[in-house]
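Working notes, structure below.
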Amino acid sequence: MLSAVLLGLAFLSLAVLMSVLARDRTRASGLAIVSWFFFVLVFDLLLLGALVGTGGHYGGEIFPYLLLLNPADVFRILNVFSLDEVRNIHGVAGIALQVLGDIRVLGAAMLAWIVAPLALANWRFKP
């Protein structure tokens, strides 16, 4: 439950930043939707494409850390940590669990996804 709230706050923070950067409401809404689409669908496809394209020989060791660059992935990994049955699955979650085993790292990453866009929006906003 808490991780869902944090994910919502992260995307809300990104939306606030987009609204500060955009010139009008339509562009702000469009940027918010595009950023959500990118983080939920495109980001993981790009990482997976890079791994498949290189045959897994390059980038495999930094792949779990690249997942921290996506609030949706941080949310997914936090949820994997919360369920004992899911911890035993294989694939991307298994790789991430081995490297990102400290929940404090994931919490700090999610907090950064909330604070950093809001700080940038606050800095950029000039009343």
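Throughout, read-outs are computed from the coordinates displayed, never taken from laboratory work. From a predicted model like this one, the values you see are computed outputs, not experimental measurements. Cβ atoms come from the backbone with ideal geometry, glycine included; neighbour counts cover every protein chain shown.
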(Q) Using a 7 Å offset from the Cα along the Cα-to-Cβ direction at both Ile33 and Glu61, what is the distance between the two label points in nm, to one decimal? (A) 4.3 nm
(Q) Test of understanding: what is the full-extension gain from Met1 to Leu21, defined as 0.36 nm times their sequence separation minus their Cα-Cα distance? (A) 4.1 nm
Q. Can you list the HN-Hα couplings for the range 17-26, worked out from phi with the Karplus curve (6.51, -1.76, 1.60; θ = phi - 60°), rounded to whole Hz and with x for Gly and Pro?
A. 4, 4, 5, 6, 6, 7, 8, 9, 5, 5
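Applying a 10 Å radius around every beta-carbon, put 107-113, 72-78, 14-20 in order of their mean neighbour count, most first.
Values: 107-113: 17.9, 72-78: 21.9, 14-20: 19.7.
In decreasing order of mean packing, 107-113, 72-78, 14-20 become 72-78, 14-20, 107-113.
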Q. R0 = 41 Å: FRET efficiency of Ala116 with Ala50, Cβ-based, nearest 0.05?
A. 0.95
